[in-house]
1. Let a ≥ b ≥ c be the square roots of the eigenvalues of the Cα gyration tensor of the stretch 35-85; is it rounded (a/c under 1.5), or, if not, prolate (a/b larger than b/c) or oblate?
2. Obtain the nm distance between the two label points defined at LEU81 and SER46 by a simple spin-label model: each point lies 7 Å from its Cα along the Cα-to-C-beta direction.
Amino acid sequence: MTVFDSSLTTLRQAVAAGWSAEEDSTSARGLTLTLSGISLAFGGVSALTDVSLQAGPSQLLSIIGPNGAGKSTLLNVIAGLYRRR
């Protein structure tokens, strides 16, 4: 498994440090999630290739696609279940 990411490090550090939107609701209102250049491969099979998205404060975003398109894989990358080696 290989993970390449260019914008998740700060989010993961904040979560690892115990940051919670409930604890700091005033600063959470202005947070924007930005992902760019996310790629993931399992052996020779590419699950995500150069995925980018941005979700602003109070913005509702959906990730849709057919079975095997990488929806769950992308959410697992965001959650930190797959890490860069």
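Each reported figure results from applying straightforward, stated rules to the coordinates on display, with no laboratory input. This structure is a prediction, so every number in the text was calculated from the model and none was measured. Here Cβ is always computed from backbone atoms with ideal geometry, including for glycine, and neighbour counts include all displayed protein chains.
1. Prolate.
2. Those two pseudo-labels are separated by 2.3 nm.
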